[in-house]
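The values are calculated or read from the model by the stated rules, or taken from the named source; none is laboratory data. For clarity, every value in this text was computed on a predicted model and none was experimentally measured. Note that each Cβ is placed from the backbone with ideal geometry, even for glycine, and that neighbours are counted across all protein chains shown. Surface accessibility is based on the protein's heavy atoms, side chains included, excluding ligands, DNA and RNA. Shrake-Rupley method; radii C 1.70, N 1.55, O 1.52, S 1.80 Å.
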Amino acid sequence: MTIAKAVVTGTVYRTPEKRFTTNNVAIWAFVLDIGEKEETLIRVMCKRMSLDEVASSINKGDRILVEGRLEVATAKMDDGSERKIYEIDANTVEKMGATAPVKNSNNEEIVKFAQEEFSDELIGEDEIPF
């Protein structure tokens, strides 16, 4: 069941693995830990060819940002209990702190701005309507 669009950041918990479907479509899969204090794991699937370069450069322990569709499934465990599995079908994967340009699934370059490029006084306090 697809829930909504999700944008998450986290640490790569398990190094990406490349597998192929029966139709010879490459799929990268890895596990992302998005929890700050306790472990919260999400499976990430990269099915788009344009994400191949980014997914192949990700290693365990890297901080990344993932944007895509959040899906939830229920799996039965060996003891009979049910467990929810969260998965993101990724549209964009970006390595945080990367110096090289990163591209999204539409092969568009993601532009990063240095903090110095923005002024703290873009909008004065008098101009905020609320």
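Residues checked against (1) under 14 Å from residue 27 (Cβ atoms); (2) not acidic (Asp, Glu):
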position: 49; (1), (2): yes, yes
position: 69; (1), (2): no, yes
position: 74; (1), (2): no, yes
position: 78; (1), (2): no, no
position: 82; (1), (2): no, no
position: 88; (1), (2): yes, yes
Is it the case, given these coordinates, that residue 47 is within 14 Å of the chain's Cα centre (by Cα) and loosely packed, with under 12 Cβ neighbours inside 10 Å?
no
Does at least one position in the range 73-86 carry a residue that is out of contact with any helix residue (DSSP H, G or I) (no Cβ under 8 Å at 6 or more places or on another chain), open to solvent by less than 80 Å² (accessible area, probe 1.4 Å) and at pLDDT below 80?
no
Enumerate the pairs (first residue in the range 8-28 and free of Cβ contacts under 8 Å to residues at least 12 places away in the same chain; second residue anywhere and assigned to a strand (DSSP E or B) and open to solvent by less than 100 Å² (accessible area, probe 1.4 Å)) with beta-carbon separation below 6 Å, excluding pairs fewer than 6 apart on the same chain, so at least 6 apart or on different chains.
19/27; 20/26
